[in-house]
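Inspection log for the structure reproduced underneath, given as structure tokens.
The values are calculated or read from the model by the stated rules, or taken from the named source; none is laboratory data. Computed from a predicted structure; not experimentally measured. Cβ coordinates were reconstructed from backbone atoms using ideal geometry, including for glycine residues, and neighbour counts include every protein chain displayed. The protein model used for the area step is the full one, side chains on, heavy atoms only, and it has no ligands, DNA or RNA in it. Shrake-Rupley method; radii C 1.70, N 1.55, O 1.52, S 1.80 Å.
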Amino acid sequence: MAHVKNEITKSKLKTPKEQITDILSDLLKVTAIALPDDVFESLKKMQACEDSELSKELYSCIFDNLDKAEKLKRPLCQDTGVLQFFIKAGVRFPYLALLGDAIKDATQNATSSVPLRHNVVESFDERNTGNNIGTLAPWCEWEIIDGDGLEIDVYLAGGGCTLPGRSKVLMPLEGYEGVVKFVFDTIVEWGVNACPPLVVGVGIGTCATTASILSKKAILRKIGSSNPNPKAADMERRMKIGLDNIGIGPLGLKGKQSVQCVNIEYAAHHPATLGVGVTVGCWATRRGSINIKNDLSYEITSHKNKIN
Amino acid sequence: MSDNIENTRNINDKKILTTPIFPEDIASLHIGDIIYLTGMLVTCRDDGHRRVIESDCMPNFNLSGMSILHAGPIIKATPSGFEMISIGPTTSRRMEMYEAEFIKRTGVKLIIGKGGMGAKTATACKQYKALHCVFPGGCAVSAATEVEEIVGVEWEDFGMPEAFWIMKVKEFGPLIVSIDTHGDNLFERNKAEFNIKKEEALKELLPFVHYSHN
Ligand code: SF4
């Protein structure tokens, strides 16, 4: 008997890697099932501004769906994306070496337990791997920060809202006018397929790469926040007004608004180039944020209204 | 909005199409109308279209008079069969390349997806009397609860999202008619309007974003 008891206690003691895996699986679950607080609030506000019958019907479909997803504990949209993790790793976090594996394990766990859609097709073989793991998938962006904890954002983006994403290097004389035109052209050409109202991330930098990474970081910033640079903040505000005046409406079927926000992130750029990137999020922009401390206590900061 | 759909049931003001769909069932529908579907619906997206057209291969299910959904669902295998967890439409425009030919070869009458489709599909809808409708994108749990049963699956070798899932649905919708049998195209029409408004918006905005060192 004593032996059996021992076994049970032992199995309850999870290794740090298993604990981190569980924590991240939890994060994936809540992120797939419910919208982050800021996106939910922003949709509520947008719903109140629309008055056509069709727009009202579409918003009621959206909220009805969110309700059902939470009640039935199912992914609110079937397209749970190829998982992307954005990790700010404290230099003194004790389990850094385990983190990459824990992320893979959590992805695999959540794929079967939530469940998430099988969304990873191995390149060249063109076969679905069936577990959301593949070469460099899930995708991880690492940043080293001071401290002994972790800050992780996970982003679940479906194909529809991923398709509009693009970046381009402009000549500097095309100016910020060129940046704005590039974003507006992209949104009008592709936005209707990306399940509006959209979250628009704009990146400005030297090359296609920096601009596109920054545009993704812009998506991760909360709706309602502004860039600390007043010029960039002004451009964000004006671009939102301009895009709203186009009247793309919920699901691209016309309305009074088009976007939930325009967020701009930038880096200084080369004098001979002006890189611009745009990343688009759908009404169902699913990002989950978590802080994990060095003792593996944690807080999911994106879904405070949903966790009870 | 049309008020008279022959051969469709009209319950609580809902216009409900049932499969098999005949040309006369959908002749009086117009872009912007809202309908629902009861009957058989099968998922078919990129790989399915490619196999039908490029490999000239038909699934073991007759699509004539039937409806397809551009969608890749999340499905759970259970001891008693398959359970639909989450299913919402995918971007229809990806199938534009093959849809006209697909309509011609299969005789499919209703295509459901999200976002619009192009001129080729609109022409085929007119010629072969078919409809393209959109289901509100992302509303995948609501859609799953309108699936009564997964009757079968074909082409499972494609993997879960791309397989050809054969479903029985009840009052599946709302479906907004985006291309009708007259060839009218709601999204193309909207897009023309959006492009005009885009130019107006840019005209207003551009003078305020001229950042330079001078
Ligand atoms: S664009 Fe977003 S809401 Fe629409 S289907 Fe894709 S993931 Fe879902």
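Here are the numbers for this structure:
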| item | result |
| --- | --- |
| For chain B, calculated [θ]222 nm from helices alone, where every DSSP H run of n ≥ 4 adds -39500 (n - 2.57) | -8000 deg cm²/dmol |
| Volume of the Cα convex hull of chain A, divided per residue and given in Å³ | 158 |
| Per-residue mean of C-beta atoms belonging to partner chains within 10 Å, peptide A:168-179 | 2 |
| For the protein assembly as shown, convex hull of alpha carbons as volume per residue, Å³ | 171 |
| Projected label distance in nm at A:Ala272 and B:Arg105, using a 7 Å step from Cα toward the beta-carbon | 5.0 |
| Helix-only [θ]222 nm of chain A, DSSP H runs n ≥ 4, -39500 (n - 2.57) each, per residue, nearest 500 | -13500 deg cm²/dmol |
| Helix A:96-113 vs. chain A, principal-axis angle (Cα, 0 to 90°, nearest 10) | 80 |
| DSSP-defined beta bridges in the protein assembly as shown - what % are antiparallel, rounded to 5 | 65 |
| Under the Debye formula (equal points on every Cα, no solvent term), log10 I(q)/I(0) of region A:161-281 at q = 0.09, 0.17, 0.18 Å⁻¹ | -0.20, -0.74, -0.83 |
| Bins of 10 Å, starting at 0 and running to the largest distance - Cα pair percent for region A:140-231 | 13, 42, 34, 10, 1 |
| Mean Cβ count within 10 Å, highest first, over the residues of peptides A:260-269, B:65-74, A:217-226 | B:65-74, A:260-269, A:217-226 |
| 3J(HN,Hα) from dihedral phi, region A:153-159, Karplus parametrisation 6.51/-1.76/1.60, rounded to Hz, x for glycine, proline | 10, 10, 10, 10, 10, x, x |
| Convex hull volume per residue in cubic angstrom - Cα atoms of chain B | 166 |
| Note, ³J(HN,Hα) from phi for region B:70-79, Karplus 6.51, -1.76, 1.60, rounded to Hz, x at Gly and Pro | 6, 6, x, x, 9, 10, 10, 7, 10, x |
| Of every Cα-Cα pair in region A:224-308, the percent that sits beyond 17 Å | 66 |
| Under Karplus coefficients 6.51, -1.76 and 1.60, residue-wise ³J(HN,Hα) of region B:37-45 in Hz, glycine/proline x | 10, 10, x, 9, 9, 10, 7, 7, 10 |
| Rounded tilt (10° steps) of A:208-220 against the dominant C-alpha axis of chain A | 70 |
| Distant-in-sequence amide H partners of A:Cys261 (H built 1.01 Å from N, under 5 Å) | A:Val200 |
| Tilt relative to chain A, helix A:230-246 - C-alpha long axis, 0 to 90 degrees, to 10 | 70 |
| Rounded accessible area of B:Glu156 (nearest 10 Å², 1.4 Å probe) | 110 |
| Net lengthening on full extension, B:Glu54/B:Val151 (0.36 nm per residue, minus Cα-Cα) | 32.3 nm |
| Shielding score for A:194-200, defined as the mean number of other chain Cβ atoms within 10 Å | 2 |
| Distant-in-sequence amide H partners of A:Arg286 (H built 1.01 Å from N, under 5 Å) | A:Leu156 |
| Accessible area buried, both sides summed, chains A and B with 1.4 Å probe, Å² | 4400 |
| Of A:Lys68/A:Lys104; B:Lys114/B:Lys191; A:Lys254/B:Lys15, those spanning more than 18 Å from alpha-carbon to alpha-carbon | A:Lys68/A:Lys104; A:Lys254/B:Lys15 |
| Descending principal axes extents, region B:149-206, alpha-carbon based, whole Å | 54, 28, 19 |
| Expected-Rg normalisation [2.2 N^0.38 Å, Cα atoms] applied to region B:63-182 | 1.04 |
